[in-house]
Amino acid sequence: VEGNRLKTFISEDKINIEFKNKDVITMNNYARLLISSNHDWVVPVEGSDRRYVVIDVADYKKEDREYFGMINDEMKNGGREALMNLLLNRDLSKRDWAIIPKTKGRTEQKILSFSNEEQWLYDSLKQEIDLDFTPWGLTYTNVKNPELYDRYIKWVNEKKSSGYIQSPDALGKLFSNI
């Protein structure tokens, strides 16, 4: 339920504002969210949902006072202005904002957001084929169980499908896109 409320808040053009002991008013929604968390599951990424960009932050500079001290010094000495100039003058006209970057973090959030049925299918497939994380999502690397492909061929033949029978590699790649 909370995930649905968040999705609605992110997506809707209008939002209702309710003050104590006042009537609800509807206003334009100009909200932009940045969510930072130390939890494994943060946002409900589902299917082809385009609401969330998920970026992992590496630990290798964690608590590096010298590194962050240099950044702080730079920001105090013209860095804020330089950053603002960069952001204001960056050409974004060729960027397709409908395409969300595929990151390892986004893929992890998608897996953590699976329904019970999706989690069962994912866990079952992982027993049959090797799936690896890449910056672009899950990637098929190997069919572990040759019986999986045999069951697929049997199923196609029983259905008398007129479609093209996929190779083991193509079948594995198909699974990695689920």
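Some notes on this structure:
- Any hit, the range 110-118, residues being modelled with pLDDT under 85, in a loop (DSSP other than H, G, I, E, B) and farther than 27 Å from Pro168 by Cβ: yes
- Residue in the range 74-124 that is farthest from Val57 (Cα to Cα), counting only those that are open to solvent by 100 Å² or more (accessible area, probe 1.4 Å) and polar (S, T, N, Q): Asn116
- Applying the condition of being part of a loop (DSSP other than H, G, I, E, B) and aromatic (Phe, Trp, Tyr) to the range 47-104 and asking which residue is farthest from Ser37 (Cα to Cα) yields Trp97.
- Flag for Asp40 being farther than 30 Å from Asn16 by Cα and in contact (Cβ under 8 Å) with a residue 60 or more places away in the chain: yes
- Residue that is nearest to Gln109 (Cα to Cα) [pool: residues in the range 8-35 that are among the hydrophobic types (A, V, I, L, M, F, W, C) and part of a strand (DSSP E or B)]: Ile15
- Test: residue in the range 48-63 that is among the polar types (S, T, N, Q) and surrounded by 12 or more Cβ atoms within 10 Å (Cβ to Cβ): no
The values are calculated or read from the model by the stated rules, or taken from the named source; none is laboratory data. If you're wondering where the values come from, they're calculated on a predicted model, not measured in any experiment. Because the Cβ atoms are built from the backbone with ideal geometry, glycine has one as well, and the counts that use them run over all protein chains shown. Ligands, DNA and RNA are stripped out before the accessible areas are found, and what is left, the full protein with its side chains, is counted by its heavy atoms. Shrake-Rupley method; radii C 1.70, N 1.55, O 1.52, S 1.80 Å.
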